[in-house]
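Worksheet: one structure, shown below.
The values are calculated or read from the model by the stated rules, or taken from the named source; none is laboratory data. For clarity, every value in this text was computed on a predicted model and none was experimentally measured. Methodologically, a virtual Cβ is constructed for each residue, glycine included, from the backbone with ideal geometry; neighbour enumeration extends over all protein chains shown. The area values use the complete protein model at the heavy-atom level, side chains included, leaving out ligands, DNA and RNA. Shrake-Rupley method; radii C 1.70, N 1.55, O 1.52, S 1.80 Å.
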Amino acid sequence: MAESSFARQLKKGVMDMIVLQLVGEKDTYGYELIQELSRRGEDFFTLKEGTLYPVLYRLEDNGLIEAFWKHEEGRSVPKKYYRITENGREKLREYIGVWKSFENCVDSLCGEGEP
């Protein structure tokens with residue numbers, strides 16, 4: 001089933017907040033983020049690398065996350081990891097507050113019943 005444009009727009013609107021949340025929980029790398037988004041997002045947030053990396057680069061450019069290289073045992077090539085910055089934590093709290101207000105407003109306007 002093809003994804004609706006409404007679903008795509010919703011995802012696009014909250015992607016920064018969700019990525020900041022996951023990076024804030026633990027230092028992580030891109031592929032791990034993609035897997036976690038899919039797992040915890042119950043496949044609603046299934047992304048390709050070409051969708052995630054621009055989000056990561058934008059968050060990094062805005063000083064909300066920072067990248068670092070990490071050597072893992074048994075690997076000769078380091079992986080690029082991301083961690084949240086203090087500015088990122090502040091912005092995440094702001095985003096969550098806006099999201100909760102938005103959610104309450106939509107619930108109030110749309111209610112629980114059928115139109």
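Quick look at the numbers
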{"read-out": "Stretch in the chain that is longest and holds no trypsin sites (Lys or Arg not before Pro) that DSSP places in a loop and that have at most 14 other beta carbons within 10 Å", "value": "76-115"}
{"read-out": "Pairs of Cα atoms farther than 23 Å apart, the chain, %", "value": "37 percent"}
{"read-out": "Value of D in µm² per second that Stokes-Einstein yields for region 40-97, Kirkwood Rh from Cα pairs, at 25 °C (0.890 mPa s)", "value": "185 µm²/s"}
{"read-out": "Estimated [θ] at 222 nm from DSSP helical runs (n ≥ 4, -39500 (n - 2.57)) normalised by residues in the chain, nearest 500", "value": "-20500 deg cm²/dmol"}
{"read-out": "Added length on full extension, which subtracts the Cα-Cα distance from 0.36 nm per residue, N62 to E36", "value": "7.1 nm"}
{"read-out": "Solvent exposure of the chain as accessible area per residue, Å², 1.4 Å probe", "value": "71 Å²"}
{"read-out": "GluC sites (Glu not before Pro) within region 1-84, DSSP loop, no more than 13 other Cβ atoms inside 10 Å", "value": "E3, E42, E72, E73"}
{"read-out": "Environment charge of P54, counting only residues whose C-beta is closer than 12 Å and scoring Lys/Arg +1, Asp/Glu -1", "value": "-1"}
{"read-out": "Solvent-accessible area, 1.4 Å probe, carbon plus sulfur percent, for the chain", "value": "52 percent"}
{"read-out": "Tilt relative to the chain, helix 30-40 - C-alpha long axis, 0 to 90 degrees, to 10", "value": "30 degrees"}
{"read-out": "Per-residue SASA entry for F44, accessible area with 1.4 Å probe, Å² rounded to 10", "value": "90 Å²"}
{"read-out": "Residues V106 and T51, FRET efficiency given R0 of 30 Å [Cβ-Cβ distance, rounded to 0.05]", "value": "0.75"}
